[in-house]
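To start, the structure itself, in structure tokens.
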Protein chains: 2
Amino acid sequence: MKKITLILFLLMLSAVSGFTQTIQSPSGNFSLSFKLSEAGEPVYQLSYKSKAVIKESKMGFEIKNQPALLKGFIILETNNSEKNETWNPVWGEVKTIRNQYKELAVTLQQIATIEPTSTTVANTDVFNSSNDASAKVPKVTRKITIRFRLFDDGLGFRYEFPEQSELKYFTVAEEKTEFNLTGDHKTFWIPGDYDTNEYAYNTTKLSEIDASIGKKATEIAVRALFADHAAQTPLMMKSGDGLYINIHEAALVNYPAMYLMVNRQTFGLTTHLAPNAVGNAAFLQTPAKTPWRTIIISDKATDILASKTILNLNEPTKIKDTSWIKPQKMIGVWWEMHVGKATWNYSDTNNVILTNTDWKSLKPNGKHGANTANVKRYVDFASKNGIDGVLVEGWNVGWEDWFGNWKEEVFDFVTPYPDFDVKELQNYAAQKKVKLIMHHETSGSASNYERRLDEAFRFMKANGYDAVKTGYVGKIVPRGEYHDGQMMVNHYIHVTETAADYKIMIDAHEPVRPTGLQRTFPNWLASEAARGNEFNAWSVGNPPEHETILPFTRLMGGPMDYTPGIFEVKMNRYDANKKEQVHTTLAKQLALYVTMYSPLQMAADLPENYEKRSDAFQFIRDVAVDWDDTRILEAEPGDYLTIARKAKSKDEWFVGAITDENSRMANISLDFLMPNSQYVATIYADAKDSNWQNNPTAYEIKSYLVNNQTALKIALANGGGAAVSIKAASGDDLKKLKNY
Amino acid sequence: MKKITLILFLLMLSAVSGFTQTIQSPSGNFSLSFKLSEAGEPVYQLSYKSKAVIKESKMGFEIKNQPALLKGFIILETNNSEKNETWNPVWGEVKTIRNQYKELAVTLQQIATIEPTSTTVANTDVFNSSNDASAKVPKVTRKITIRFRLFDDGLGFRYEFPEQSELKYFTVAEEKTEFNLTGDHKTFWIPGDYDTNEYAYNTTKLSEIDASIGKKATEIAVRALFADHAAQTPLMMKSGDGLYINIHEAALVNYPAMYLMVNRQTFGLTTHLAPNAVGNAAFLQTPAKTPWRTIIISDKATDILASKTILNLNEPTKIKDTSWIKPQKMIGVWWEMHVGKATWNYSDTNNVILTNTDWKSLKPNGKHGANTANVKRYVDFASKNGIDGVLVEGWNVGWEDWFGNWKEEVFDFVTPYPDFDVKELQNYAAQKKVKLIMHHETSGSASNYERRLDEAFRFMKANGYDAVKTGYVGKIVPRGEYHDGQMMVNHYIHVTETAADYKIMIDAHEPVRPTGLQRTFPNWLASEAARGNEFNAWSVGNPPEHETILPFTRLMGGPMDYTPGIFEVKMNRYDANKKEQVHTTLAKQLALYVTMYSPLQMAADLPENYEKRSDAFQFIRDVAVDWDDTRILEAEPGDYLTIARKAKSKDEWFVGAITDENSRMANISLDFLMPNSQYVATIYADAKDSNWQNNPTAYEIKSYLVNNQTALKIALANGGGAAVSIKAASGDDLKKLKNY
């Protein structure tokens, strides 16, 4: 890394406001400027291809019981540097990732008058030579560093608080980072909410963002809307002149999640942080840093999806031996509960107490899904079909009244229901070479989970489990905390790090939305943290465009356990009175295994539904979960998406193409195939008369010989999609199959 | 237990307000009446020797998002019963405890209109057949049972919420139990505070209680005063006609601590509960019960101290094998930090981060107390003097900035400082037959402690530790919680129960004040939870009367680790500039081993100070820590106290007599000794010219022959005291010693 220290020069200029630092991205596409305003406010501005995308925007913080860190700064030091390196993720969409950027780090100093504050914490009752007397200083001198990294697809910046004598322990009351946009962009958004990301997406002008729409979303378990003009990140926008702009954050550690408050007149966005139980945002100790704020921009939508900037801004893996981390497919005793065939709970009583109830004496309701025989059925199916794992939900006591009571002690994570034989299933699964996957629903009670975590993980390892799906459906305990606050952000990481100590992989449901931490903690295979396929089973569901928006929003931060692969699309197959349905065709469900990236993919439907359509299920058997390469072929948020991916260490490709409620033709040039080689492409497409509403399960499967000159054209039905597997052609294939 | 069910009879009377139920205590001294007012309010009244002590007082609750449970009740059922049994504590002041009471249990029903409330918790995102739809019922029928137990020294009562369909999960917003007193009693009180019991006691009229005095107590680490006219319990009062009245609670489990709000006009007290982070008091699920509210009354002060009512109202031990629980004496690397000779912290840096700091590279400050050589010195002293344990504070990393920063991760409880050799000390202590006692300061971060608790206890057992002193000096994390709230109440019990699983004994500092739970969890040997001797080392200290009040207040709930035995009374012996001193004579420090009951007693001063006065230290070597019998001989709160105790399974007695700032004569009849036996009484008394201010360390030690006809008269200096050990006389004694 090249460092050019300009201290002396800059100290001379430090009192001169308006002096602007500018850097260009490696390709020159982007230009980032930084200056201090006349009032000493930090201000940045970002241009793409010589046009402002972020107008002059202020930066800084409100600090509890201290003057704000917003103005009155001088520049102490400026450092320019650059990096160009490659690295290999433990698993991912590509084998090798380039990390190339130009960096500008500006260290600012502010001298402010501090008024003495009364505080509950008075003197210590003990003699301690290291006590801090700084609270009585009438003037306080504080430093922050703002570090910008300018990539060829956008910008990341963060605030750093160096170790310093007059800023040691402090509480961020609010972050005031602005993103002042240049127009009233088309925006794909969900309401700002401290507790959930499970809203359906809205597509409106920026000025039309109205989070109060979230009040109607009663299908979501726990909501904490906080302002009308607030949106979650990742926020995806498209400008009138065709620029795609994505704002999110990277490496959210020891800090609350960030929301964007919308000024509907100026099109300015300002950060807001999730509060803790007493209304503060972040408790920090210097040296400290915020997460990176990311702005990814391109005039091509496909570039947004190909961006690795959020991953590049995360720290390398902290896990030294990663050999035990395995991308995988799973099925689960799960969807049958969502469709109402079975229950999580063993009994229908509803007033149990974890530590007092005699679980063996409860009267079974006869519908408990996680019983030994039923789990064996799933194990058999997994074994027969090359599925790695079987998730079992509802195996442990506590489901009788787990939801909505804000109880602290709901589950103990180690006591099975009487009809779930842990040891027998361990042996059975081992014989069948299938791994059982543990489930730890916390009901939102993180304090209870942390207390029992070690015992729970020891129980898992003693019984052959290597992966756990965690769940946070409920208001958080410690009461007053939110899913997105600093304490819970640290909780998810604590669980993940502890899991790594036990060589356990994590699939977190209802956590804060991801920010690329899977690079640092590659045992964190996936998260939900958005509106998953399950909503289609029992609510208004997810509109056909939903899966064309998620990759531009939620998945910018990391893999999603969306649970695709629903073949029995209409819920009236289970109960004639039900009107719910999955809002896609069956072929689109297959395409999602490619378009919705995750190293942990569920084949979410019931074994019997797959057995009925074993030909279509072949794609799920075949599709990879880890990749050497990924090509975003076509993309428009809210409309369509076509992605091709090369399986890890194999000359096999898989393509997924999806559309929204409108039918369209997917154009798929196979120029990524090896030259002079013949392949078989098996196309799983919507049937001609298929559409998501009336005929969702009609599909056609055809195989052709293809090569790198081939361009597939596949018709996608309304709400439809197509999946293609491409493998090297055998001699037999060459004889039997026609060219495309 | 005799049960007389009066259902039919009472149902007939249920609409008749004013119908009064009355029970008498076994001896007939007490009379308790209960009725419903015209508005259907529960009302109780308590008389002693035919005179009202508690006038008619209302009872009930405010419930969050529901109608209050205060009025509109009818009586559903009344049950009378009685009990007379004895039981043996695992350890205690006496060998056998009688539990004798008359009981009245009244079950009340209320039918109230409930208005629908909006709530953040909406529908579940899952199908669950057991969901509760009761929230939409326009009328709600709820039952509570009020259970009174009337003993011969007072009353206990609690509220029970039976399991019922329309009251399952609910939140107590406030408890409204009244204690309407008959006059403006003399009261011994400390301010109501959610976080601390470390105030010095005030003695005023009830109407003069003004908790705002607590604002000046800057020597206390963390304070959370909440109202001007609020006091902590145990609250000790004395009426104008000489009645002693003590109000406290028993068996505080899964509920917040109770405070008393004082109406200075009517002399009425009303309960207030410690809130949680979002302002609620208790989250309950039926069946549920509150702690017992206790009122102990006598016309003799000694009866108050002899009462076992609070213990009787607690549940029997939950620990089956108690053989590993051992009352004991300890010394500790501790006082030398309080007097400024040593530090808890290893280094004088003050910006460490638990998980990042390289502790081995820190520059030692040269004053670190918990170093291997120094600990060995304490082990040697303990071994030589028959002291069971050596507490070591400051052994583990994190003390550099542990205090006052509201940090979540301060200590990990398993990493020693570089100069503390865990294995070497384990071996050394074992050779010397001394047990090292672990220290776990949490800095108030209960969440961090719970997360690390199992690992910490495993570390203890692996390194030979059987007991731990826990500490909660700091604002609580989860932030917004208080030391006295429901969550922390459950935390202390969780720690104690987990410790029991590991066969570990607990000495909790800065927890909620005890409520007799040592009966249920006898591994919870002691707590601090009051203003300990340590305050004398570095603050205005504890006035001479302090130790005459504590047994009537804080110790009513359970043993206190007061850390008596300070021989070097004046702090100017350590530093000529220091003006602090212990506000007692040396002889009084000895007396405290008897007057201040605890099965865990510290010899708190430094080994070198004991070696200088080895003759006086003999009393500490000799004194027992577990007892067959206890006689409260003389007592007046705020003035004086004389107690005699018989050592467990030995014919040895120990007497302690203390006075306040006034000198007095202690009159000690030895009629408790076995008849026709000769004993040697060794009297450790203040010297003639001794007084706490100017000559605190002058003492006389004399031995006499005594028997059960002897009456000792011992002069106690201003702020003084006396200690007496009484053992069977040997043939040699009979020859050498004179009769008293």
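The values are calculated or read from the model by the stated rules, or taken from the named source; none is laboratory data. This structure is a prediction, so every number in the text was calculated from the model and none was measured. Here the Cβ positions follow ideal geometry from the backbone for every residue, glycine too, while neighbour counts run over all protein chains shown. SASA here: full protein model, heavy atoms, side chains in, ligands and nucleic acids out. Shrake-Rupley method; radii C 1.70, N 1.55, O 1.52, S 1.80 Å.
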Give me the number: length gained by fully extending A:Lys95 to A:Thr349, i.e. 0.36 nm times residue separation minus the C-alpha to C-alpha distance, one decimal in nm.
-> 86.3 nm
Under a cut-off of 18 Å between alpha-carbon atoms, report the lysines in cross-link reach of A:Lys702, not counting same-chain residues fewer than 8 places apart.
-> A:Lys588, A:Lys688, A:Lys713, A:Lys727, A:Lys735, A:Lys736, A:Lys738
Starting from the coordinates of the alpha-carbon atoms of chain A, obtain the Kirkwood hydrodynamic radius over all distinct pairs and give the value in Å to one decimal.
-> 27.1
Can you give me the P(r) profile for segment B:659-710? Cα pairs, bins 5 angstrom wide beginning at 0, each as a whole percent.
-> 5, 17, 21, 21, 14, 13, 8, 3, 0
Taking the DSSP beta bridges in chain B as the whole, what percent of them are antiparallel, to the nearest 5?
-> 85
Count the DSSP beta bridges whose two residues both fall in the protein assembly as shown, then state the antiparallel fraction as a percent rounded to the nearest 5.
-> 85
Given H placed 1.01 Å from N in the peptide plane, which residues other than close sequence neighbours of B:Asp421 have an amide H under 5 Å from its amide H?
-> B:Thr372
Can you tell me the Rg and Dmax of the protein assembly as shown, counting just the alpha carbons, in angstroms?
-> 36.1, 123
Leaving ligands, DNA and RNA out of it, report the carbon-plus-sulfur percent of the accessible area of the protein assembly as shown at a 1.4 Å probe.
-> 48
So which of B:Lys376/B:Lys461; A:Lys58/A:Lys168; A:Lys407/B:Lys318; A:Lys407/B:Lys58; A:Lys55/A:Lys308; A:Lys35/A:Lys95 end up more than 27 Å apart, counting from Cα to Cα?
-> A:Lys407/B:Lys58; A:Lys35/A:Lys95
Run the numbers on segment B:137-169: which residues show a drop of 20 Å² or more in accessible area, chain on its own versus all protein chains together, using a 1.4 Å probe over heavy atoms?
-> B:Glu163, B:Lys168, B:Tyr169
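Please compute the average number of Cβ atoms from other chains found within 10 Å of each residue's Cβ in peptide B:340-347. Before the final figure, lay out each step's value.
Details: counts 2, 1, 1, 5, 5, 3, 0, 2.
Taking all residues of B:340-347 together, the mean is 2.
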Compute the FRET efficiency between A:Lys320 and B:Lys579 as 1/(1 + (r/R0)^6), taking r as their Cβ-Cβ distance and R0 = 56 Å, and round to the nearest 0.05.
-> 0.50
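What is the average number of partner chain Cβ atoms found within 10 Å of a Cβ in B:397-407?
On the way: counts 0, 0, 3, 3, 7, 4, 9, 10, 7, 6, 4.
So the per-residue partner count for this stretch is 5.
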Debye intensity ratio in log₁₀ form over the Cα atoms of segment A:290-438, taken at each q of 0.10, 0.13, 0.20, 0.21 Å⁻¹ | -0.55, -0.77, -1.12, -1.20
Relative contact order of segment A:369-496: what whole-number percent is it, with Cα pairs under 8 angstrom and at least 6 residues apart?
-> 26
MRE, 222 nm, helices only [DSSP H, n ≥ 4, -39500 (n - 2.57), over chain B, to nearest 500] | -4500 deg cm²/dmol
Mind checking the per residue accessible area of segment B:325-383 for me, 1.4 Å probe, whole number of Å²?
-> 36
How big is the A-B contact in terms of buried accessible area, both chains counted, 1.4 Å probe, rounded to the nearest 100 Å²?
-> 6000
Filtering trypsin sites (Lys or Arg not before Pro) in segment A:663-713 by DSSP loop and by at most 11 other Cβ atoms within 10 Å leaves A:Lys688
Can you list the residues, at least 5 places off or on another chain, whose amide H is less than 5 Å from the amide H of B:Ala728, using H built in the peptide plane?
-> B:Val680
Taking a spot 7 Å from the Cα of A:Glu208 along the direction of its beta carbon, which residues of segment A:553-569 have an amide N less than 20 Å from it?
-> A:553
Which residues, if any, in segment A:206-224 have at least 50 Å² less accessible area in the whole protein complex than in the isolated chain, probe 1.4 Å?
-> A:Arg223
Per q in 0.12, 0.17, 0.18, 0.22 1/Å, what log10 I(q)/I(0) does a Debye calculation on the alpha-carbon atoms of segment A:385-481 return?
-> -0.40, -0.74, -0.81, -1.10
When the Karplus curve 6.51 cos²θ - 1.76 cosθ + 1.60 is applied with θ = phi - 60°, which whole-Hz ³J(HN,Hα) does each residue of segment B:307-314 get, with x for Gly and Pro?
-> 4, 10, 4, 5, 5, 4, 7, 8
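Would you mind giving the mean number of other chain beta-carbons within 10 Å of the Cβ of each residue in B:473-482, as a whole number? Before the final figure, lay out the partial values.
Numbers: counts 3, 2, 4, 1, 4, 12, 13, 9, 5, 0.
That average works out to 5.
Can you work out the FRET efficiency for the pair A:Ser614 and A:Arg458, with r the C-beta to C-beta distance and R0 = 60 Å, to the nearest 0.05?
0.90
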Taking only C-alpha pairs under 8 Å that are 6+ residues apart, what is the relative contact order of segment A:494-534 in percent?
-> 42
